[in-house]
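Below you'll find the structure, written out as structure tokens, and then a few comments.
The values are calculated or read from the model by the stated rules, or taken from the named source; none is laboratory data. Since we're looking at a predicted model, the values are computed, not measured. Cβ atoms come from the backbone with ideal geometry, glycine included; neighbour counts cover every protein chain shown. Heavy atoms of the whole protein, side chains included, go into the accessibility calculation; ligands, DNA and RNA do not. Shrake-Rupley method; radii C 1.70, N 1.55, O 1.52, S 1.80 Å.
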Amino acid sequence: WVGDADEAMGRGMPWLLLVGILRLVEECKEGFRMQVQEIASRKTEWSERMRTRRRLGTPSPNPNDPHPHPSIKDIRNKIAIVTTAVLPWMTGTAVNPLLRAAYLSQKDRDVTLLVPWLAKDDQHKLYPNGMVFDTLEDHERFVRQWLKARVGFQSKFKIRFYPGRYAPEKGCILPMGDITKYVPDDDADIAILEEPEHLNWYHHGRRWTEKFKFVVGIIHTNYLEYVRREKNGAVLEAWVRFYNQIVARTHCHQIVKLSGAVQDFPRSTTSYVHGVSPSFLEVGKRIAERVRLQPMSDSSPATQTPRKTVYSEPFGKGIYFLGKVLWGKGYKELLDLVAHHCKSHGRESLGVIDVYGSGADFDSVTSRARRENLPLQFFGPQDHADESIWDYKVFVNPSLSDVVATTTAEALAMGKFVVVAKHPSNEFFSEFPNCLVYETPDEFSACLRRALSSDPEPMSDEWRRQLTWEAATERLLQAAEARDDLRSRVTDKFVEDAIFNVHNSLIRVEAIRRATGGGRNTMEDPFDSVTTEREYRPPLRVPHLAFFSELVRTRPRLSPRLAPARRKLKETPVKSR
């Protein structure tokens, strides 16, 4: 296919460009016409409502907000949580939305969790230990069993699946088709979009803010940190920053950032709205029971101070790190810091650091560790709640790309020391007594020495509650409540409507989707039923503008005005092209 594109570029590129540009102009004109009609309809509706209010003597609402948003605190409103990942892929966007749905549904709320369903080939690539699900029922049963083991109660929310595909070059799952249709209109009160920018990069179809009365986006991932590590990182960072802003702005009424580590978004607030599973807190209680306080023996009662006495060894292991093996997930920083420590203090002073995880960069990371003779021992992926993790004393997480690391919260809940960098993503954790923060490699070494030579403090009930999902749910309800100072003005809505129409027109072009990594034939829903299997072809990877040849090859539907150009292109001999 790439060869055909290159040949077409050499023979008839002007005509191919003309076909694509003319079609784009037609799409934009149609979108603008629909926008004008919608504005006129909205103005007529508003005028009619004002006349009715004046006739009835009722007060006029805020003219900047003719459609007040429902309150997320009102349990009568139905909530749909849409995320970009699903178990058994142990990633934050699979685990945290699942737990959020479980705790939001506790108080008789009607909650639906929308997660991706993958073809078997993609399941083989992504899910650990060769795990594959034949039906939606099997997959849902696994998710609910895992959840019950973590939270200890039977969840009441609904689980729905939408078709997705795994994009290995991006390391994530991309939705296929218009996934808004998987939530019935009767349930479309409030939507919580986990990673709204990710969900809408290639979204073509109904706008989320038109489908739902109120849409809240939660930002999980610092994509700018990833792209700036690539070739031409500065240019890519500027583009991704702009693109993330426009898609999140057009599809969300409000944005909640987990920390200040991510880019700025319009109408946003910052709050850590995640928690940890009760199972991690239970582990922390068991560890704390092993460490008792008893007074030091001294002849003078006035000088007696409590000290820790270990009745049974609470920690039988040293240092570990757990995370997806990607250079951008903290592995570069980890290897650099360990190399500096070994050079300054000797390899023996550190012991061996155990590393758990898998990922696309596993071979290159392990190769560098062996080449530099670093004291790192690599294992495969492991559930953080597994008993083999309980006995570790110190968790290190040098990542600078996280928004907020769930693994850091889990390690704190289990009563361990955590050693993290001074970074906005760790601001929430830095207040905890067992969190050791460093700024330089020498401070990193000092934190490790302190952690290895002392025992962590047992957490108080107050600190422990800050890590629970009950407290996280309260923070979410507060942060996601509709606020007057974050609502769009009429002028903002006009701009956002125009942006949405332009984006919707561009992203429907198959060649543009493929050239930008959206994948082949991913705009329409690939299944009559989500359980139907099909093969996914990898996304297009061609340089420059070769994708315009696909416009001719697939014979796109053109306006009648473009028929002469199509006919002339068809009748022109190949050699003269």
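Structure data summary
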read-out	value
The range 398-418, subset open to solvent by less than 10 Å² (accessible area, probe 1.4 Å) and in a helix (DSSP H, G or I), residue farthest from LYS329 (Cα to Cα)	ALA413
Tally, over the range 191-247, of residues that are within 18 Å of GLY177 (Cβ to Cβ), part of a strand (DSSP E or B) and in contact with a Leu (Cβ under 6 Å, 6 or more places away or on another chain)	1
Meets criteria (assigned to a helix (DSSP H, G or I), of a type in the set (D, E, K, R) and open to solvent by less than 30 Å² (accessible area, probe 1.4 Å)) for GLU443	no
Residues that are within 18 Å of ASN397 (Cβ to Cβ) and without any contact (Cβ under 8 Å) to a residue 40 or more places away in the chain, drawn from the range 444-464	ALA446, CYS447, ARG450
Those residues of the range 84-127 which are touching a residue at least 60 places away in the same chain (Cβ under 8 Å), polar (S, T, N, Q) and open to solvent by less than 10 Å² (accessible area, probe 1.4 Å), in sequence order	THR84, ASN96, THR112
Those residues of the range 265-286 which are surrounded by fewer than 24 Cβ atoms within 10 Å (Cβ to Cβ), of a type in the set (Val, Ile, Thr) and not in a helix (DSSP H, G or I), in sequence order	THR269, THR270
Inter-residue pairs, beta-carbon under 9 Å, first under 18 Å from ASP264 (Cβ atoms) and in the range 229-240, second among the polar types (S, T, N, Q), 6+ apart	VAL240/GLN263
Count - residues of the range 151-181 that are surrounded by fewer than 19 Cβ atoms within 10 Å (Cβ to Cβ) and either of a type in the set (S, T, N, Q) or not in a strand (DSSP E or B) (or both)	11
Total residues in the range 363-388, condition open to solvent by 70 Å² or more (accessible area, probe 1.4 Å) and not in a loop (DSSP other than H, G, I, E, B)	6
Hits in the range 104-135 - residues which are out of contact with any Gly (no Cβ under 8 Å at 6 or more places or on another chain) and under 21 Å from ALA191 (Cβ atoms)	LEU104, SER105, GLN106, LYS107, ASP108, ARG109, ASP110, VAL111, THR112, LEU113, LEU114, VAL115
